[in-house]
Structure formats: structure tokens, C-alpha cells
1. What percent of all Cα-Cα pairs in the range 38-105 falls into each 10 Å bin, going from 0 up to the bin containing the maximum distance?
2. Relative contact order, percent, of the chain when contacts are C-alpha pairs under 8 Å separated by at least 6 residues?
3. How much length is gained if the chain between residue 117 and residue 9 is pulled fully straight, taking 0.36 nm per residue apart and subtracting their Cα-Cα distance, in nm to one decimal?
4. Using only Cα atoms and rounding to the nearest 10 degrees, what angle (0 to 90) does helix 62-140 make with the longest principal axis of the chain?
5. How much mean residue ellipticity at 222 nm does the chain get from its helices, if each DSSP H run of length 4 or more adds -39500 (n - 2.57) and you divide by all residues, to the nearest 500 deg cm²/dmol?
6. Above 12 Å lies some portion of the pair distances; for the range 1-62, what is it as a whole percent of all C-alpha pairs?
7. Could you state the orientation-averaged shadow area of the convex hull built on the Cα atoms of the chain, in nm² to one decimal?
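Derivation of every value follows stated rules applied to the coordinates shown; laboratory data play no part. All values derive from a computational prediction rather than experimental measurement.
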């Protein structure tokens, strides 16, 4: 049997696998942060809808109307701030997704190279072994006399 295949860039491949795993972990954290912030925005939208449905009840007195309007403005301000955070997290999520895709592509490129080199090595070893067998058969061949 021939010598086993040894990929010279195994350490680089391992490093790229680690980078890919780290990128996946960062992407998962960013997705979680985005999902949590999205839930905050949805909650605020619900609170705003509930508050807007109570507009008629606020018309009892000037103080009630003032309080209702102040709370409405505060909700709108808070909602705008939370939406801004959400858009920032969305951009961050997009960047992490791009990094994860890039690192995955880099790793797959090396894996493909390893696979190609392994096939080439296997083919060369098979050809060498076949050549040795042919040479042995030629040396052992003794023609029969007629």
C-alpha cells in the first residue's frame, strides 16, 4: 500500500473552521439581540394602540387630555428611539451574516482543495501501484515453449 494522504494546509483549514464557528456564534448573538429588540418594538406598538383607543376617555377634563397627550408623545418618542436601535441591530446582523458567509466560503474553498488533492493523490498511488504490479507480472512471465 502507498503512503497515506497528508494535506499540507490542515492547520489553515482548522483555523478557518474556527473562524467560521466564531462567525456563526456572532451571527446567532446578533440575531438574538435583533429578535429581542423587535419584541420590544412590537410591545411598544401594542401599548401605543391601547393608549390610542383610550382617546375618547381622556376628553373628560383638560388635565386628562393633557396627560393623555403627554403619554402619547412619550410613547412616540420611545418608539422612535427603539426603532432606531432596531435598525442599528439590523445593520449589525447584516454585517455578521456577510462575515459568516465569507468565512464559510473560505473554508469550503480549502475543503474543495483538500478533496481535489486527495483524489489526485489517490489516483497517483493507484497508478503507481498498477505500474508496480505490471512490472512484477512482466518479470514473472515465462513464455511457454511451443
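1. 19, 32, 21, 14, 9, 4, 1
2. Across the chain, relative contact order equals 45 percent.
3. Extra length from residue 117 to residue 9 when fully extended: 37.8 nm.
4. The angle comes out at about 0 degrees.
5. For the chain, the value works out to -32000 deg cm²/dmol.
6. Looking at the range 1-62, the distances longer than 12 Å represent 80 percent of pairs.
7. Mean orientational projected area (the chain, Cα hull): 15.0 nm².
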